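Encoded as C-alpha cells, the structure appears first; notes follow it.
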Amino acid sequence: MAEPVYLHLALPTPLRRRFDYLPPEGTDPDQVRHWPAGIRIRVPFGKQELIGILLGVSDHTHLKATQLRPALERLDETPLWPDELLQLCLWAADYYQCPVGEALHVALPALLRQGAPAERVTEPVWQLTSEGKGLPEGALSRAPRQAMLLAELQRRNQLSRADLALLDIPRSAVKALEDKGLVETAPPTPEAPTPALLSEQPLTLNSEQAAAVSRIKLKGFQVSLLDGATGSGKTEVYLQAIARTLAQGQQALVLVPEIGLTPQTLARFQRRFAQPVVALHSGMNDRERLDSWLQARSGRARIVIGTRSAIFTPLAEPGIIIVDEEHDGSFKQQDGFRYSARDLAVMRAHRLDIPLVLGSATPALETLHNAHQGRYQHLHLRQRAGGARPPTVELQDLRGVTLHEGFSRDSLAAIRAQIEMGNQVLVFLNRRGYAPTLECHSCGWLAECLHCDARLTVHQHPRHLHCHHCSHQRAVPRRCPSCHSAQLEPLGQGTERSEEALREAFPDVPVIRVDRDSTRRKNALRDLVAEVNKGEPCILVGTQMLAKGHHFADVTLVVIVDADAGLFSTDFRAPERMGQLLLQVAGRAGRAEKPGRVILQSHHTDHPLVQTLMHAGYHAFAETLLQERQRAQLPPFHHLALLRAESSRPENAVQFLRLALAQAQRLHAPDGIISYLGPLPAMLEKRGDRFRYQLHISSVARAPLQKLLSQLAAHLEADAFSKRVRWAFDVDPQDMS
C-alpha cells in the first residue's frame, strides 16, 4: 500500500499558516508527489470552497490524517509563476508580515483567483475589407476614432479586442466601419514573431542621456537611479535601454504610478516599438488583464507596462525592470498586503540578476540615501531635452495681500498675460471639491463627518457635503444645526471653487478641471489631456493628478495657489512629499520651446525649507531633510514598522496594543537596537466609525526587526484578545495617518 501524501496549501484567509489537505479522491499518491508548487487546488473550507496555491507535497502533516479533508480538484498542470516569482511572493509575505495566502491571492489576476483556466480565450479579430484597403491614408479625418482604427488596420492588418482596448478605440468605432463595409471579422492568424524591433527611429540623445544609456548594464544585477529634472528626457533613456534589451531577446517590465499615465506611456511605447506591448492596470476589465498577464508569461508580450501590482507579472525572458516616478507614494499598497512595488522591484531584479532603473526628478530620500552609499548607480540628467530651459520660479508672499478667491492680483494678471499671448496656464491646488468645509458665520460651527475625525468637503456639482476618508455624503443644510443661522459659508479653497472663480475672471477662456471628481468616467482623463494638447489657450485647474508625467507643450505658466500644507504636518514624510509635489508641478511649465514661469503663492515664503527648495534646488532640500532624519533616528537611517489596530471601541484597540507592547518587550527588551513608541492615536484617530491606534517599532537594522515582527505576529494571532480588533503590521510605512 502506498504511503499517504499530504498537500500543503496557502489559502486566501487572514490566518498566518499553511493548510494541509489530502489529495483529491481517486488520484495516485505517487503522481501527487510530483505535483509542482505554484499550481491551484480547489478545496473545501468550512461550508465554502476556496482556491488555494500548492506550496509543497510531503509525507508528513502536523494533524491527524482523520482530521484532514480531501481536496476537490487540481486546476493547473503547470505552475502559474516561474519559481523566482513564487519565491519572491513568499519572501514578500514574510517581510511585510502578511498571511501567505492573502499575498499570493493579490499576486494573481482576478479570474485566476476565481478558478478560471490559465489560458487565453480565442476572440474575433477585425481586418479591412477590399474597399477599406482602398482608402488613402488620412481618410475619415472627421471621425477621429474611426480614422485611428483605419490607420492601425492599415499598419497591422488585424486587430483583436485586446488590441482595441490597448489603443483605447471603442467598439462603436468598429461597428461604424463594419456598417460602412470597410471592416470585417476574420479568423485569427497564427501569431508569428515580429522581426522588426522598432517602428520609428529613436531620438538623438544629448551627452547626458547618451552617458546614462551606456552606463545601464545589459547583463547582471545593477540598480541605477536616473535622477533627471522634469523634461530632461528620462523616457527616451528608458526607450533606448529597452531597445537594447529587446535586441538581446529579452522582455522589459515598466512600472508607472498612476492609471492615468498608463495610456500615454503605452501609446509612446507602441509608436516606438514594432514588438507586442501590453498593459496591466485596474482600469482594464478582468479578461483584458488576464490576457495581458498570460501574454507576458508566455513571452509573446515583449514589453509590459503596468501600475503597482504589475510587479507580480510573470515573464518568460526577463531582461530589465524600470520604475518611473519611483518616489511616488502609490507604489506602496496601503491596506491588506502592504507591499512596496518599488522595493520589490529591487529584490526581483536582484534574484533575476538583471538591471533595474529607478527614474525621478525628485527621488525618494531612501533612494537618494542608497545612491549616496554607493548601493545604487547615480545617473544625472541636469539639462532639459531639446534645448528647453528650466522655468523661472517666483515666490509670492500672501501676508497682508488681498485675495480674490485664493488668487493674488499679480497671479491673475500673469494668467491674463499668458492667455493673451496664446499660451496655456496650469493652476495647482491640492484640494478637491468647492471648499474644504462649511462654516457658520454666526457661531463658528463647522461641518464635520459623523464617522471620522474629519471635516466634510463642500461639492457644488452636485451640491453636497462629502467625506473624502469614508465617502459619507449628505445634503448641504439650509441652516446651522447649532444656532439655526442661515449664514453658512464655504471655508477655504477647492478645485471647483477655483474653477468657478477663473471662469468669472476669464469668461472667454476654456477652464478645464482635472481631479478625481472630473475624471471618474472611463477615458475622461485621456479626453481632457487630448483637449489640452490641441494647443488652444486654456486654463488647467487641478490636483496632484496634473503633477505626474504629463507633457503639456504650451503650458508656460504654473500658479501654485497654496504651497504651505506640507510644512506643518505631524507626518515626518510630509515635507518630502511637499517638495516633490511642488517641483513636479513646477516642471509642467516651459517643457518645449516656450519659456516657463512658476508663481508659488505662500504665507511662509521665508520658511527655511521653502527657501532651500526654491533657491538651492531639490538635492539641497533633500540633503537638509536627510540630516534632520538622521538626527531624529528616522528612515532611512532607522527601519520602522507600525502595528496598526482599530476597533469600534477605542479601549479595545488601546488595550490590544498595550498587550502587544508588553509581549514585544518580552521578546526584545528596548535597547540600542530596537525601541518602541506608543500606543498612540493615528493622525486621523476615527475613520469610518472605527478608532485607530498605532505602536511604532524602530530598529537600527532590518534583521532583528524582522525576527521580532515574525515572533510577535505568532503570539498576537494566538491571543484571544486579537479577535476583538482589526490589526496589521505596516513595514516601511509611507503614510503615518
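Shown here: the stretch 625-734, whose C-alpha atoms stretch 39, 29, 17 Å along the first, second and third principal axes, sorted largest to smallest. Percent of Cα pairs in the stretch 6-113 per distance bin of 10 Å, from zero to the largest separation: 15, 51, 31, 4.
Relative to the current alpha-carbon distance between residue 442 and residue 630, full extension at 0.36 nm per residue lengthens the span by 62.9 nm.
For the stretch 68-183, just say rounded, prolate or oblate: build the C-alpha gyration tensor, square-root its eigenvalues into a ≥ b ≥ c, call rounded for a/c under 1.5, and beyond that prolate if a/b exceeds b/c, oblate if not. Cα axes put the stretch 68-183 in the prolate bin. For the stretch 203-304, the list of chymotrypsin sites (Phe, Trp or Tyr not before Pro) that fall in a loop by DSSP and count at most 14 other C-beta atoms within 10 angstrom reads 221. For the pair residue 317 and residue 131, label points projected 7 Å from Cα toward Cβ lie 4.3 nm apart. Inter-part distance, the stretch 164-183 to the stretch 665-708, computed on C-alpha centroids, equals 55 Å. For the stretch 1-64, the Cα gyration tensor yields ellipsoid semi-axes of 20, 12, 12 Å (square root of five times each eigenvalue, largest first, whole Å). Take the Cα coordinates of the stretch 341-411, assign each an equal point scatterer, and use the Debye formula without solvent to give log10 I(q)/I(0) at q = 0.25 Å⁻¹. At q = 0.25 Å⁻¹ the computed log10 ratios are -1.17.
Note on the chain: semi-axes of the ellipsoid equivalent to its C-alpha gyration tensor, largest first and rounded to whole Å, are 42, 37, 27.
Centre-to-centre, using Cα atoms only, the stretch 409-431 and the stretch 31-62 are separated by 62 Å. Residues within the reach of a label modelled at residue 715 (point 7 angstrom out along Cα to beta-carbon, backbone nitrogen below 11 Å), restricted to the stretch 652-668, are 659-668.
The simple Förster model, with R0 at 30 Å and r as the Cβ-Cβ distance, assigns residue 619 and residue 271 a FRET efficiency of 0.35.
The label point for residue 663 and the one for residue 204, both projected 7 Å from the Cα toward the Cβ, are 6.6 nm apart. Close amide H pairs (under 5 Å, H built 1.01 Å from N) link residue 376 with 371, residues at least 5 positions away or on another chain. Its Cα centre serving as origin, the chain has a Cβ charge dipole (Lys and Arg +1, Asp and Glu -1) of approximately 360 debye. The 3J(HN,Hα) values that the Karplus relation (6.51, -1.76, 1.60; θ = phi - 60°) gives for the stretch 284-298 are, in residue order, 8, 7, 4, 5, 5, 5, 5, 4, 5, 4, 5, 5, 5, 5, 6 Hz. Gly and Pro appear as x. With R₀ set to 41 Å, the beta-carbon distance separating residue 389 from residue 13 gives a calculated FRET efficiency near 0.10. Within the chain, the cysteines lacking any other cysteine Cβ closer than 4.7 Å to their own Cβ are 89, 98, 470, 538. Along the stretch 391-400 the Karplus relation, 6.51 cos²θ - 1.76 cosθ + 1.60 evaluated at θ = phi - 60°, assigns HN-Hα couplings of x, 7, 10, 10, 7, 10, 6, 8, 5, x Hz to successive residues, with x for each Gly and Pro. Computed over neighbours whose Cβ is under 15 Å from that of residue 75, the net charge equals -1, Lys and Arg +1, Asp and Glu -1.
For the stretch 389-544, the direction-averaged projected area of the alpha-carbon convex hull comes to 11.4 nm².
For a modelled paramagnetic label at residue 451, 7 Å from Cα along Cα-to-Cβ, the residues of the stretch 634-660 in reach, with backbone nitrogen under 18 Å, are 646-650.
Is the shape of the stretch 356-396 rounded, prolate or oblate, going by the alpha carbon gyration tensor and its root eigenvalues a ≥ b ≥ c, with a/c under 1.5 for rounded and a/b larger than b/c for prolate? Oblate is the answer for the stretch 356-396, as a/c is 1.5 or above yet b/c matches or exceeds a/b.
Considered as an equivalent ellipsoid built on the Cα gyration tensor, the stretch 243-298 has semi-axes of 20, 15, 9 Å, the largest given first.
Taking amide H positions as modeled 1.01 Å from N, with prolines and chain starts lacking one, the residues under 5 Å from residue 357 and 5 or more places away or on another chain are 224, 321, 322, 323.
Phi angles across the stretch 78-85 convert, under the Karplus curve 6.51 cos²θ - 1.76 cosθ + 1.60 with θ = phi - 60°, into 3J(HN,Hα) values of 10, x, 6, 10, x, 4, 4, 7 Hz, Gly and Pro given as x. State whether the stretch 125-186 is rounded, prolate or oblate according to the following rule on the C-alpha gyration tensor (a ≥ b ≥ c being the square roots of its eigenvalues): a/c under 1.5 gives rounded; otherwise a/b larger than b/c gives prolate, and the remaining case gives oblate. In terms of gyration-tensor shape, rounded. Spin-label model, residue 59 to residue 78: label points 7 Å out along the Cα-to-beta-carbon direction sit 3.1 nm apart.
Computed from the Cβ-Cβ distance with R0 of 45 Å, the FRET efficiency linking residue 648 to residue 300 stands at 0.35.
P(r) for the stretch 172-319, from all Cα pairs and a bin width of 10 Å, is 10, 34, 36, 14, 5, 0 %, short bins first. Taking every alpha-carbon pair in the stretch 99-150 and binning the separations at 10 Å intervals from zero gives 18, 26, 14, 19, 17, 5 percent. Where q = 0.29 Å⁻¹, what log10 of I(q)/I(0) comes from the Debye formula for the stretch 436-491, counting one point per Cα? Summing over Cα pairs of the stretch 436-491 leads to -1.21.
Laboratory data are not the source of any read-out in this text; all were calculated from the coordinates shown. Every value quoted in this text rests on a predicted model; they were computed, and no experiment measured them. As a convention, Cβ positions derive from the backbone with ideal geometry for all residues, glycine included, and neighbour counts pool all protein chains shown.
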